[in-house]
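The structure appears below as C-alpha cells.
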Amino acid sequence: MLKHFYIEEEHRLPSFIVIGVVIICILPFIFQLFGGDFGNATHVHDIPHHPITSPMTTDDMFYHLSGGFTHALLEWTAFSAAIFVVLLAFCHYSITNDITTPVIGVALFCAGAMDAFHTLAATRLISAVAENKDLIPFTWALSRVFNAVIMIAGVGLFLSGRKTNQKNGFKFIIITSLVFALMGYLLIHFAATSSNLPQTQFPDSIIRRPYDIVPLILFLFAGLVIYPLFAKRHPSIFATALLLSALPEVAVELHMAFGSQRLFDSDFNIAHFLKIIAYVIPLVGLVLDYIQTYKTQIKHHEQLKLAHDTLNAKAFELDRTNTKLTQSNAELEKFAYIASHDLQEPLRKIQAFGDRLHKRVSVIDDEKAIDYIARMQSSSTRMRSLIDDLLKFSRVGSDEYILKNTDLNKVLKNVIGDLQVSINETSAQIHMDQLPIIAGESNKLYQLFLNLLTNGLKFSKDGQAPIINIKCQQVVKDKIKYWKIEVQDNGIGFEQEYAEKIFEVFQRLHGRSQYQGTGIGLAICKKIVEMHNGIISVESELDNGACFILLFEA
Amino acid sequence: MSEGLTQIRIHMCDDDPDDQLLVSDALEEARLRNPIDFTNNGKELLQYLNREGKFSHLVDQPLPGLILLDLNMPVMDGREVLSKIKQHKEFRSIPIIVLTTSKAEADIARTYDMGVNSFIMKPVSFDRLVEMISSVTDYWFNLVSLPRVK
C-alpha cells in the first residue's frame, strides 16, 4: 500500500509544504473542538425580523450580507487560483510538450468556472430562479461532484496506457477543454433555471448534507487510486501536488457532509477556505515544476558548457601536439638535408686528393699502396651515393605534395617507356590492367613505379626473363574504399619475415657485388605512398617472386 | 697556344684552401702557365680589384682575365660581391664563373640574373677538375673576344 504512494525523490514536494498542508487541513477542526467559530453571526434568515419601516443603514446592509460576502470572496479566491493553474499549465505545456498538465489544468479550471457560476448565482449577479438556501447548497454539491468527476476524468485520460503523440496533443487538449466546459455550463444552466431544487440540507441527521457524500467518495477514490496511479505513470511535481490536493478536498467534504448545518456557518466557511487550499496546491506544484525545469536546464547547460570546454581544451592540446610533431618532423628532414649536404663537401675533397695521391703513387710502383688507395676511393664513391640517396629520400618527405587527379595509366606508360632499354636487355614482359585515376603528385608516382619496376627487373632469376604483372581492383578496408594495385614479379623473392625490413632506409637483403644499389629505393616508395595517404606492403616467398601491394584511397 | 696568352691572369675567390690548392694543381696538370692568385672572400676580392689595402702594391699589374667565384663565403659572400662587380663600370666586363658546391635552383637563377657568365658545380674528381679548367680557359682565353681591360 505504501509502495503505491511512493514518489521518486526528484518529484517530491518540499516536506514543509506537505506538513503545512496537513496542518492547515486539521487546524480549523481542532480550533472548533476548542470552541472556535469561523462562521458568520448574521445569516440571511435574520433579515426579515428587522422592521421594514426603519430604513437600514448601508453599514447594516453590509453586516447582514457578511456571510454572502465571505462566501463570495472564498469562492472567487478558489476560482482565481484555478485560472492561474490553467494559465501556468499551458505555459508548462509550451515548454515541456507534456499534454497531461494542460488537460488537467483545464479540468481544474472547469471545476473553478463551475464554482464561479455557483457564486454568481448565489450573489444574484446572474438571475436564478430558486431560493438561495436551496440554490447555494445544491449548486455547491453539483459543482463539487462535477469537480471530482472532471478531475477523475481528466487524470483518468492518461491512465489508459496509450501514449498520445505530441502532434495530436494540442488537438486533444482543445477537444477535452471544450467537452469539459460544455458539461460545466449545461449543469449550471440547469440549476439556475430550475425552480424546484431538491432539499440538500438535513441539519438534524448525522449526515447533514447527503449530497456531499458523493464528492467525498469520489475524492477519496481520486486520492487513493487515480492520483497515485497518475503520479506513478506521469511522475512530476505537479502530479505529486495533485495527489496532495486530494487531502484538503476530502477535508472539505468532511466539513460539509458532517459539519455544516446552515449557510455561512463555521464548517461551511472552513470548507470553502480549504477548497482554496485544494486549488492552490496544484498551482504550487506547477510553480515548483517550473523551478525544477529551469534548474535542470541550467544544470544541463553547465554540463554542456563543461563538456564543450573540455572538448575545446582537448582539441587545443591535439592541435599543439600536431604542430609540434609537424615542426619536429620538418626539423628532422631539414637536419637530414643539411647534414647530408654538408657531408658532401669533405667527401669531395677526399675523392679529389685521393685522385691526386693515386696518380703520384702509381708512378712509384707500389701495388699494395695502389690497392689501398683504390679501396679508399671506392668507399668514398659509395659514401657519396649513400649521401646522395639520403638527400633524395629527405626531399621525398619534405617536398610539398599537391595532390591532383593523376591517371596511373599515363604514369606507367612513361615509366615503361623510360625503362625500355633494360626491358629489352632482359627480354622482360610487363602486363598491365586498366589502372584508375587517383589523387596524386604525378612526378612522385612516376618515381614510385619506376623504383618498383626497376626492382622487378633487377631481382630476376638467373636465366629467366622477368615477368611483371600489374593488377588493379577496388577493395573496402575499415569502411574506406581503396584502389588496390599489385605489382607482381617472378624474381628471386625473399622470406616473408623481411617484409617490413625492406622498406627501411639502406636495408639490403643481398650483397653489393650481387645486386647494385644502396637500399634506398623501397624506402622512397614507402615515403611516397605514405605522402599520398596510402599503404604499401609486400608478400613474397624465397625463389617465388614478390608482390608489392599498394592501397590508394578511391 | 700562343705565348702572349700565358700572360692572362686568373683569379680565384674561395675561402677553402683545399679548393685553392686543387685549382692550382689542376692548372699545372693541364700544363697551363697562366698566373693565378687567390682571395678568401668578397670584400678581399673588391680590395684586390681596386688595388687597395694589402693589394695596393699590385697597382701596376693588369686586372685578371677570369674570376672563379665561390658563393658561400664569410664577411661578404659571392652573391653580394657579384652584384657589386657587375654594377662596376670597369670590372663588369671581366668574365666571372661561379664555382660552387651549391646546386640550388635559386642560386643559379639569381646569379645569372645578376650577370654571371657561367655557373659550374665543383667537379667531384680531380680529373674532371682538370678537364673543366682546360675547357674554361680555352673558351675564355682563346675562343672568345673580350673588350680590352686596363
Looking at A:Lys392, A:Lys404, A:Lys368, which is the one that is at pLDDT 85 or above and either within 60 Å of the chain's Cα centre (by Cα) or polar (S, T, N, Q) (or both)?
A:Lys404
If the requirement is being at pLDDT 85 or above, in a helix (DSSP H, G or I) and over 18 Å from A:Asn269 (Cα atoms), which of these qualifies: A:Ile17, A:Ile26?
A:Ile17
Being buried (at least 20 other Cβ atoms within 10 Å of the Cβ) and of a type in the set (D, E, K, R) is the filter; apply it to the stretch B:12-30 and report the residue that is farthest from the other protein chains (Cβ to nearest Cβ).
B:Asp14
Does A:Leu224 satisfy the criteria of being at negative phi, part of a helix (DSSP H, G or I), touching a residue at least 40 places away in the same chain (Cβ under 8 Å) and among the hydrophobic types (A, V, I, L, M, F, W, C)?
no
Name the residue that is farthest from B:Asn34 (Cα to Cα), counting only residues in the stretch B:49-67 that are without any contact (Cβ under 8 Å) to a residue 24 or more places away in the chain and in a helix (DSSP H, G or I).
B:Gly53
Of the residues in the stretch B:102-126 that are of a type outside the set (A, V, I, L, M) and surrounded by fewer than 15 Cβ atoms within 10 Å (Cβ to Cβ), the one that is farthest from the other protein chains (Cβ to nearest Cβ) is B:Gly115
Does A:Ile291 qualify as being modelled with pLDDT of 90 or more and either surrounded by fewer than 16 Cβ atoms within 10 Å (Cβ to Cβ) or assigned by TED's automatic domain parsing to the domain that holds A:Ala148 (or both)?
no
Quick one: is B:Leu68 away from chain A (no Cβ under 14 Å), at pLDDT below 90 and crowded, with 16+ Cβ neighbours inside 10 Å?
no
Residue satisfying all of: in the stretch A:66-120; surrounded by fewer than 21 Cβ atoms within 10 Å (Cβ to Cβ) and not in a helix (DSSP H, G or I); farthest from the chain's Cα centre (by Cα) among these:
A:Asp98
Could you check, for the stretch B:93-100, whether at least one of its residues is crowded, with 17+ Cβ neighbours inside 10 Å, within 14 Å of another protein chain (Cβ to nearest Cβ), more than 14 Å from the chain's Cα centre (by Cα) and of a type outside the set (Phe, Trp, Tyr)?
no
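Here is a yes/no grid of residues against (1) at pLDDT 90 or above; (2) aliphatic (A, V, I, L, M); (3) within 30 Å of A:Gln201 (Cβ to Cβ); (4) not in a helix (DSSP H, G or I):
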site: A:Arg262; (1), (2), (3), (4): no, no, yes, yes
site: A:Phe268; (1), (2), (3), (4): no, no, yes, no
site: A:Ile281; (1), (2), (3), (4): yes, yes, yes, no
site: A:Glu333; (1), (2), (3), (4): no, no, no, no
site: A:Tyr337; (1), (2), (3), (4): no, no, no, no
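The values are calculated or read from the model by the stated rules, or taken from the named source; none is laboratory data. The model shown is predicted, which means the values in this text are computed figures rather than measured ones. Positions of Cβ are generated from backbone atoms using ideal geometry, with glycine treated the same way; all protein chains shown enter the neighbour counts.
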